Amino acid sequence: MSSPVQNPAYSREQQPVALSQKVTLSKEEQAWQLLEQGRFHEAAPLYQEILHTRKRDAAGWNNLGYCLLKMGEAKEALACYQEALKLAPRDADILINTGLCYQRLGQWQEACRCFQRASQYGARDADLLNNIGVCLAQLNRIEEAIEFYHQALALAPRQGEIIANLAAALIQGRRWLEAIECLEMALRLLPADVSVLNNAATCLEALGKYYLAAPLYARALALQPADLQVRLNCAACLIKLRRLGEAREVLEELLRLEPRHGDGWQLLGILYDTMGEPETAACCYNRAWGLTPTREEGRKG
């Protein structure tokens, strides 16, 4: 079965299912062996050769799609999965793979339909239920998503990724206290997960507990210093705590990493306003609104 797929803030590698097949031809055996070894660039041409003469091989189309998706060619993979579904429209594994491919392409409605059809045809495990929840959350069908996450957790109560997804959906639904409870569980299971730390801190901020949120942002940044969104969130929290010097350091590093980060310049302007430096704040606001060129743009001009 596929591994859980996370919301954008919890993004994880999606693992489609490759269908094993009883084969006798050496070319097929070789292709399958290469696929199992992760040598997808070598396996894909062999599957293409096989399918040139055996176009009605659903497993072959599925496995070619698997290789292409692992190679980062999601659109080409989707075309293969669609061929496989024409031949085996009720195959739950192919439906799940197709759904995962749609997810990779950000086509959440189509992904949800595939996962739900797979469920109708007998697939019913925690990962599938979680993936349905992810799609529904992306479609802003939050209450439905929460229900599917609960169903998934009934089957896998200690799967941290599902708990984190449930927490993210509860945050979307502004159910802060329930979200905090879920995030506490998720952090026990995934203590080094940057997205869980960030979401837990965001939730605590919504409850006005800035002093508890700031250390979580700091932990997240220690794990992933180049995460711009976490860095921005951390700085905003520090400003609320009036820890202005620390906030400035965090923002200056953000803008060093991404000089055109408009929200970063905007927040730095707010910080300087708070510090009583309106002229410096105005310069920051101008940068945020694109009214002042960067050094590189100035050189080009």
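Each reported figure results from applying straightforward, stated rules to the coordinates on display, with no laboratory input. As the structure is a prediction and not an experimental result, all values here were calculated from the model. Counting neighbours? That spans all protein chains shown, and the Cβs are built from the backbone with ideal geometry, glycine included.
Things worth noting here:
- Using Cβ point charges alone (K and R +1, D and E -1), the dipole size of the chain about the Cα centre works out to roughly 260 debye.
- Choice from Trp176, Trp289, Trp32 showing the highest fluctuation, given a GNM over the chain with Cα pairs closer than 10 Å: Trp289
- Residue among Cys237, Ile94, Pro225 farthest towards the positive dipole end of the chain, charges placed on Cβ: Ile94
- Approximating the spin labels as points 7 Å out from Cα along Cα→Cβ, the Ala226-to-Arg124 distance works out to 4.5 nm.
- Each stretch of four or more DSSP H residues adds -39500 (n - 2.57); spread over every residue of the chain, this sum gives -22500 deg cm²/dmol at 222 nm.
- Total formal charge among the other residues, if their Cβ is under 12 angstrom from that of Ala220, Lys/Arg +1 and Asp/Glu -1: 0
- Taken over the chain, lysine pairs spaced eight or more positions apart, or on distinct chains, with alpha carbons under 25 Å apart number 12.
- Dipole check for region 28-121: with +1 at the C-beta of Lys and Arg, -1 at the C-beta of Asp and Glu, and the Cα centre as origin, the magnitude is about 380 Debye.
- For Lys75 and Trp289, the difference between the fully extended length at 0.36 nm per residue and the C-alpha to C-alpha distance is 73.4 nm.
- Look at the dipole of the chain built from charges on Cβ: of Gln82, Val196, Met275, the Cα furthest out on the positive end belongs to Gln82.
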